[in-house]
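The values are calculated or read from the model by the stated rules, or taken from the named source; none is laboratory data. In this text the structure is predicted, and so the values were computed from the model without any measurement. Here the Cβ positions follow ideal geometry from the backbone for every residue, glycine too, while neighbour counts run over all protein chains shown. SASA here: full protein model, heavy atoms, side chains in, ligands and nucleic acids out. Shrake-Rupley method; radii C 1.70, N 1.55, O 1.52, S 1.80 Å.
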Amino acid sequence: MRYYECTVILAPELSKQQVSEVQTELSTIVESFDGKTSKHEYWGLRSTAYPIEKFTRAHYIYFNVTATTEAIIELERKMKIREDVLRYLTIRVDSIDEEPTVMMQAKLRDETRKEGRDRDNNRDNNRDKGHNSKDTKESA
Amino acid sequence: MSNSDNTKQQDSSQAFGLAQGGASRKILFHRHKNCPFSGKNGQKISYLDTRTLSRHVSERGKMTPSRITAVSAKKQRELSRAIKRARFLALMPYVNK
């Protein structure tokens with residue numbers, strides 16, 4: 001058994017649900033060879049640095065694979081046939097890191113920041129309201 | 001009279017030359033930069049970390065030579081591999097026009 005990291009770029013026309021379907025399909029291929037996948041990540045519909053097959057945006061998925069070489073060969077063969085897979089990159093690694101990848105960390109950070117901003121905005125609004133009411137009281 | 005003027009000029013030009021030499025030597029010993037990826041506290045190189053990788057490419061998207069960034073030879077090889085992988089995944093551009 002060997003460890004691999006796999007990043008797959010999918011066509012942007014797919015819906016979020018279809019993306020997760022592709023993800024499970026790819027996992028079942030690995031599982032049919034007694035391998036296993038872990039750390040499934042969906043980085044979202046990202047804009048690509050250059051057009052790939054005339055698409056400027058694409059879905060990115062990432063997962064770790066623990067499997068034999070045969071499983072990887074079959075996985076790559078299947079991905080080559082699929083038309084919704086624009087590109088894939090499988091890299092052999094020495095060990096699997098359970099921490100979320102940098103991409104996922106950035107995504108999570110953005111989301112929390114957004115939440116924080118919303119919260120701050122709400123607080124500011126409330127404070128402004130309070131201030132206004134005070135003003136009105138004073139003027140009255 | 002004219003002779004002494006000439007010698008003065010020569011002297012001044014020589015002095016200038018020396019100053020230049022001193023300046024260039026100063027630049028040579030300016031600072032000793034360390035490789036940001038080597039050592040215990042070195043940053044890890046990952047082909048997904050476009051933020052770090054983009055610091056090692058020019059505005060055009062070309063990789064910056066290690067003689068400028070002071071990355072060690074071993075880490076520069078690792079870095080160039082990571083940048084090439086990131087390019088293949090369209091996380092980074094091949095060329096920035």
Exercise. In segment A:1-46, how many are in a strand (DSSP E or B), touching a strand residue (DSSP E or B) at 6+ places or on another chain (Cβ under 6 Å) and more than 19 Å from A:Asp94 (Cα to Cα)?
Worked result: 8
For this session: Could you list, in sequence order, all residues of segment B:62-97 that are more than 24 Å from A:Thr90 (Cβ to Cβ), within 11 Å of another protein chain (Cβ to nearest Cβ) and assigned to a helix (DSSP H, G or I)?
Result: none
For this session: Would you check if there is a residue in segment A:108-131 being open to solvent by 30 Å² or more (accessible area, probe 1.4 Å), of a type in the set (Ser, Thr, Tyr), within 13 Å of another protein chain (Cβ to nearest Cβ) and not in a loop (DSSP other than H, G, I, E, B)?
Result: no
Seminar exercise, completed: Those residues of segment A:59-81 that are in contact (Cβ under 8 Å) with a residue 12 or more places away in the chain, closer than 23 Å to A:Ser32 by Cα and either surrounded by 18 or more Cβ atoms within 10 Å (Cβ to Cβ) or not hydroxyl-bearing (Ser, Thr, Tyr) (or both) come to a total of 14
For this session: Kindly indicate whether A:Arg87 is among the charged types (D, E, K, R) and in contact with a strand residue (DSSP E or B) (Cβ under 8 Å, 6 or more places away or on another chain).
Result: yes
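Each row is one residue, and each column tells you yes or no for (1) open to solvent by less than 80 Å² (accessible area, probe 1.4 Å); (2) hydrophobic (A, V, I, L, M, F, W, C).
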| site | (1), (2) |
| --- | --- |
| B:Phe37 | yes, yes |
| B:Asn41 | no, no |
| B:Thr52 | yes, no |
| B:Ser66 | yes, no |
| B:Thr69 | yes, no |
| B:Gln76 | yes, no |
| B:Ala82 | yes, yes |
| B:Ala86 | yes, yes |
| B:Met92 | yes, yes |
Exercise. Is it the case that some residue within segment A:49-57 is at pLDDT below 95, more than 12 Å from chain B (Cβ to nearest Cβ) and open to solvent by less than 60 Å² (accessible area, probe 1.4 Å)?
Worked result: no
Exercise. What is the one condition in (1) open to solvent by 80 Å² or more (accessible area, probe 1.4 Å); (2) within 12 Å of the chain's Cα centre (by Cα) that A:Leu45 does not satisfy?
Worked result: (1)
Exercise. Conditions: (1) within 18 Å of the chain's Cα centre (by Cα); (2) buried (at least 16 other Cβ atoms within 10 Å of the Cβ). A:Glu98 meets all but one. Number of the miss?
Worked result: (2)
